[in-house]
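Just below is one structure, and these are the notes that go with it.
The values are calculated or read from the model by the stated rules, or taken from the named source; none is laboratory data. Not measured: the values here are computed from a predicted model. With ideal geometry, Cβ positions are generated from the backbone for all residues, glycine too; neighbour counts draw on all protein chains shown. Note: areas computed on protein heavy atoms with side chains; ligands, DNA, RNA excluded. Shrake-Rupley method; radii C 1.70, N 1.55, O 1.52, S 1.80 Å.
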Amino acid sequence: MFDAKTKKHKVSKRTKKSWRKYIDFKDVDAFLENSRLEERLGIPFSKRTDTQLFIIDKTDVTGNVISKCAARLALKSKEPRCFASLKPHTHVPDPISKRNLVRTKEEHTNSMLCQPKVERKIMCILKLKEKEALKNRMLTKAVSANHPKKGENKDDIWNGTNVLLPETVTEWMSSDSIRHTISHLGMKKRKVPSLLRKKSSVLPAVEMPHPGTSYNPSYDDHQKLLHEVAQKELELMKQEEHLDRVTTQMFKKISLNKRDEYMMKEMSEGLPKNQTSNFKSIEEDHDKGDLSIVIKNDKSVKNTKKTLVQRRKQREQKQAANKRALSKLEKKKVSDIYKLKILQKQIDAKEKKQELLRQKRMKKHERKLFMPKNLSKTKFEPIDLDFQLAEELTGNLRNCKPSKNLLKERYKSLQQRNIVAPTVIKLKRDKAKMKQFVKPDHKINLDDIKGTTILQ
């Protein structure tokens, strides 16, 4: 049987993909594979000459006979066959002709080979790689000296002084440029966070208590404390009296009948007694006003244009007014020269006033530093002063009774130093009011119900 011939299809071979798909290049691959094999193994045997394939042995067989002992010695000195796998079995030349010389351990320790290296170091002639290694070694040594050991804290990292750069260099440089320069010298200057630099309040965390609150205070300190407490109580009483005066005491207590009488009297205040005569007079005045408006509007308005003489006079009047304004301005300039002393006094008075206002603003700002800020809608209320009367003083710490809640005092201190916003304790939650309504299909019309009952 003959092999069926495959029909060739006409296909496009414009692109690389279609060319590789529809072209048979097995013969090319076979040729390249053969050429690579020839490079490795040499020329094939069919192409070699007889001299390359065969050698005529002209040695004397009888004369070259050796003893068994000599043969064993020769085998011992011969290279083992296992080393044949390590040898190159190809005729392809090495692509890298110049390779780096790798010295053995014995060559590194040889004094003759190391002598030139020692002489270069004595003469301070170093290679670029050796210079970089020396520089890196110095930097790592400086970093390790400054870096504390495990569990050791030498100094504050935020207040560390710069040793690498002198003060004469850093005094004209900005903080960013100093940090950039130091980072290339093996050290880093840490930037202090803004939260650590800025305090929420000037007030101390723990304030010193009043000396009169001691369990055994002096007489003067105790009296000063009692005086302060009394002044605060008087202010509160005065405020309560003021609120009572402007709210409760402003209104009188009257009966219901008198209230209605007063209501009628207030609402009828200003109304006329004879309303009919008053209405007639108002209508007559209104009619007269309409007639006067009609009479005034009867005059016909004429569009009269200005004459040339009037326009010329108007123009001359404007020019004269401008000249008078300019002459007045020049006279004022001349008079201001003679008023320099008065002007200087006015400027000094203004500057003095501004300085007083500035000092007042500074004092106000200083007072605000010691006051709590408005962090919420609830106003801060300071804790009441802790005091004891003269009869309650014990004189010793053993019989002294605690009168202040430490937790509340600390919480108030946090509010006063603007760390916690002041709040009000709420025991009950505010719930939204429920809206109640009847659905349209659930509504009942009472009139329809009554009508149905009557019909029945």
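Numbers for the structure displayed
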quantity	calculated
Residue in the stretch 282-293 that is modelled with pLDDT of 90 or more and in a helix (DSSP H, G or I) present	no
Condition met for residue 398 (open to solvent by 100 Å² or more (accessible area, probe 1.4 Å) and either in a helix (DSSP H, G or I) or of a type outside the set (A, V, I, L, M, F, W, C) (or both))	yes
Residue, nearest to residue 206 (Cα to Cα), within the stretch 339-373, restricted to residues that are out of contact with any Pro (no Cβ under 9 Å at 6 or more places or on another chain) and either of a type in the set (Gly, Ala, Ser) or in a loop (DSSP other than H, G, I, E, B) (or both)	370
Residue 106 being within 30 Å of residue 130 (Cα to Cα), part of a helix (DSSP H, G or I) and not basic (Lys, Arg)	yes
Residues being open to solvent by 100 Å² or more (accessible area, probe 1.4 Å) and either among the acidic types (Asp, Glu) or within 32 Å of the chain's Cα centre (by Cα) (or both) - total across the stretch 352-364	2
Filter result (open to solvent by 60 Å² or more (accessible area, probe 1.4 Å), at pLDDT below 80 and either assigned to a loop (DSSP other than H, G, I, E, B) or closer than 30 Å to residue 406 by Cβ (or both)) within the stretch 173-198	184, 185, 188, 189, 190, 191, 195, 196, 198
Failed item in (1) part of a loop (DSSP other than H, G, I, E, B); (2) surrounded by 10 or more Cβ atoms within 10 Å (Cβ to Cβ); (3) of a type outside the set (D, E, K, R), with residue 30 passing the rest	(1)
Flag for residue 336 being in contact with a Lys or Arg (Cβ under 9 Å, 6 or more places away or on another chain), of a type outside the set (Gly, Ala, Ser) and either within 22 Å of residue 413 (Cβ to Cβ) or part of a helix (DSSP H, G or I) (or both)	no
Verdict on residue 407 being in contact with a Phe, Trp or Tyr (Cβ under 8 Å, 6 or more places away or on another chain), closer than 30 Å to residue 230 by Cα and open to solvent by 100 Å² or more (accessible area, probe 1.4 Å)	no
Failed item in (1) of a type in the set (S, T, N, Q); (2) touching a Lys or Arg at 6+ places or on another chain (Cβ under 9 Å); (3) closer than 30 Å to residue 419 by Cβ, with residue 374 passing the rest	(2)
Some residue of the stretch 218-227 being part of a loop (DSSP other than H, G, I, E, B) and open to solvent by 50 Å² or more (accessible area, probe 1.4 Å)	yes
Positions within the stretch 94-107 being closer than 18 Å to residue 37 by Cα and open to solvent by less than 100 Å² (accessible area, probe 1.4 Å), in sequence order	94
Test result for residue 367, surrounded by fewer than 10 Cβ atoms within 10 Å (Cβ to Cβ) and within 30 Å of residue 422 (Cβ to Cβ)	yes
